[in-house]
Amino acid sequence: MSAGLALQRGFSHSLGSPKEIFEGKCVIGHGTLCLNRESLLIFLIVVVLSVLLIVATSRAQLVPRGLQNIVESTYEFLRRDIVLGVMGPEGEKYGPYLVSLFLFAFLASALEVVPLLQFPTTSRMAIPAMLAMISWGIYNWAGIRAHGFFGYLRAIMFPPGVPKVLYVIVTPIEFAAAVILRPLTLAIRLFANFFAGHLLLLVFVIGTAYVLQNGATIAFAPIALAASVAIIGLEIFIAAVQAYVFALLTAAYVRLASAEEH
Amino acid sequence: MLGFLATIVGALAAGVSGSVSMIGYGLSAIGPGIGIGIMVGKTVEGQARQPELAARLQTTMILGIAFTDVLALIGFVGLFIAK
């Protein structure tokens with residue numbers, strides 16, 4: 001019972017002031033130039049991913065086994081589905097970026113279930129916004145390279161096959177969709193999925209702790225615990241799906257931007 | 001019938017106590033729920049008709065679900081912005 005009371009002292013004050021949950025605290029430095037929890041986790045992800053990939057492909061053997069096999073099969077799956085499937089043979093030059101995007105987004109989101117670091121870095125808008133801006137830059141650059149600057153603007157704003165009268169309505173919508181809405185929805189999709197998922201996981205886990213304190217409701221504890229475990233599995237699955245969809249949509253936007261109109 | 005409608009309109013005019021943004025989130029979750037249900041149903045139907053295309057259909061379904069999920073999630077994020 002005293003353990004339950006200690007639990008209550010531990011988290012109840014932050015439940016009373018929810019702003020504390022959403023504002024990051026600087027771990028190193030202060031003011032504008034601070035490293036908070038999200039930045040440190042990002043550095044950790046980059047280091048882990050780099051070490052993993054470099055170790056897997058150093059002294060590469062013709063018949064891969066072990067770690068090299070895992071990395072190669074992941075790369076092959078992404079290359080087949082996203083790069084070649086969406087963009088065809090001329091998409092090979094976007095292959096490394098898309099695979100890095102997938103691996104980074106997947107690890108950044110799956111960090112939610114790693115036992116001591118349970119915080120998905122994609123659940124604060126900075127990381128999804130940055131990834132969306134980089135993807136925006138890449139697909140616009142691909143379009144400008146294919147058509148020239150004014151040719152690209154003409155290709156976005158005046159889709160062929162529309163009667164000339166409707167261009168008054170279609171042009172602003174198409175321009176806003178290509179330039180503003182696409183990166184916005186990419187960022188919001190990634191951010192909101194993990195914001196909601198993290199809150200959901202917190203609700204069930206804290207709910208288990210809360211239910212264990214009161215003798216009357218202790219019968220619900222196994223249900224809450226089972227739900228927490230199920231939601232951990234769901235979060236890993238959603239991390240993989242959202243990272244895959246982000247990379248797939250970036251590839252689709254690159255293809256749409258650089259497609260030759262006939 | 002008219003009395004029922006009058007009761008509802010009267011309740012709305014009297015003002016809603018509690019969280020209005022929660023009502024907004026609930027309403028915004030109706031559309032994506034119906035949309036995702038229709039989409040998954042059509043995918044299952046297509047997979048039953050042509051089992052050799054099952055993997056391709058599943059990929060398209062996941063892409064479509066990601067598109068419609070955004071709308072419900074924007075509502076969820078808006079819930080926290082509006083509060």
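Accessible area per residue for the protein assembly as shown, computed on protein heavy atoms with a 1.4 Å probe, is 60 Å². If R0 is taken as 51 Å, the Cβ-Cβ distance between A:THR57 and B:ARG49 corresponds to a FRET efficiency of 0.75. With Cα atoms as the point set, region A:35-120 shows a radius of gyration and Dmax of 14.8, 43 Å. Think of the protein assembly as shown as a dipole: +1 on every Lys or Arg Cβ, -1 on every Asp or Glu Cβ, centred on the Cα centre; then among A:TYR253, A:ALA240, A:LEU35, A:LEU35 lies furthest on the positive end. A straight line joining the Cα centroids of region A:199-262 and region A:132-149 runs 31 Å.
Multiply the residue separation of A:PHE175 and A:ALA226 by 0.36 nm, subtract the distance between their alpha-carbon atoms, and state the gained length in nm to one decimal. Let's see the in-between values first.
On the way: separation 51, 0.36 × 51 = 18.36 nm, distance 4.75 nm.
Difference between extended and current length: 13.6 nm.
Taking the three principal axes of the alpha carbon atoms in region A:162-262, the coordinate ranges are 72, 25, 17 Å, sorted in descending order.
Across every pair of different alpha-carbon atoms, what Kirkwood hydrodynamic radius in Å does region A:139-191 reach?
Working: mean 1/r = 0.0830 Å⁻¹.
The answer is 12.0 Å.
Start at zero, step by 5 Å, and the Cα-Cα distances of chain A spread as 1, 5, 10, 12, 14, 14, 11, 10, 8, 6, 4, 2, 1, 1, 0, 0 percent across the bins.
R0 = 41 Å: FRET efficiency of A:VAL48 with B:PHE67, Cβ-based, nearest 0.05?
0.85
Calculated mean residue ellipticity, 222 nm, the protein assembly as shown: -24500 deg cm²/dmol, from DSSP H runs (n ≥ 4) at -39500 (n - 2.57) each, averaged per residue and rounded to 500. The relative contact order of chain A comes to 25 percent, based on Cα pairs under 8 Å that sit 6 or more residues apart. Distant-in-sequence amide contacts of A:LEU111, defined by a placed amide H-H separation under 5 Å and a gap of 5 or more residues or a different chain, comprise A:THR121.
Could you tell me how many cubic angstrom of Cα convex hull volume chain B has per residue? Spell out each step's value before the answer.
Details: hull volume 8.4 nm³, N = 83.
So the per-residue hull volume is 101 Å³.
Average partner chain C-beta neighbours within 10 Å, per residue of B:51-59? Walk me through the numbers on the way to the answer.
Numbers: counts 0, 0, 0, 0, 1, 1, 0, 0, 4.
Going residue by residue through B:51-59 and averaging, the value is 1.
Accessible area ranking (1.4 Å probe, heavy atoms, ligands and nucleic acids excluded), largest first, for A:LEU166, B:LEU27, A:LEU33: A:LEU33, B:LEU27, A:LEU166.
Between the beta carbons of A:LYS164 and A:ALA259, assuming R0 = 35 Å, the FRET efficiency works out to 0.95 to the nearest 0.05.
As a test of the definition: with a 1.4 Å probe, what buried accessible area, both sides summed, do you compute for B against A, in Å² to the nearest 100?
Values: alone 6240 and 15520 Å², together 20550 Å².
Using a 1.4 Å probe, the pair buries roughly 1200 Å².
Only protein heavy atoms count here; under a 1.4 Å probe, A:LYS93 has an accessible surface of about 120 Å².
The values are calculated or read from the model by the stated rules, or taken from the named source; none is laboratory data. Everything numeric here is computed off the predicted structure, so don't read it as measured data. Glycine also receives a Cβ, built like all others from the backbone with ideal geometry; neighbour counts cover every protein chain displayed. Side chains included, ligands, DNA and RNA excluded: accessible areas come from the protein's heavy atoms. Shrake-Rupley method; radii C 1.70, N 1.55, O 1.52, S 1.80 Å.
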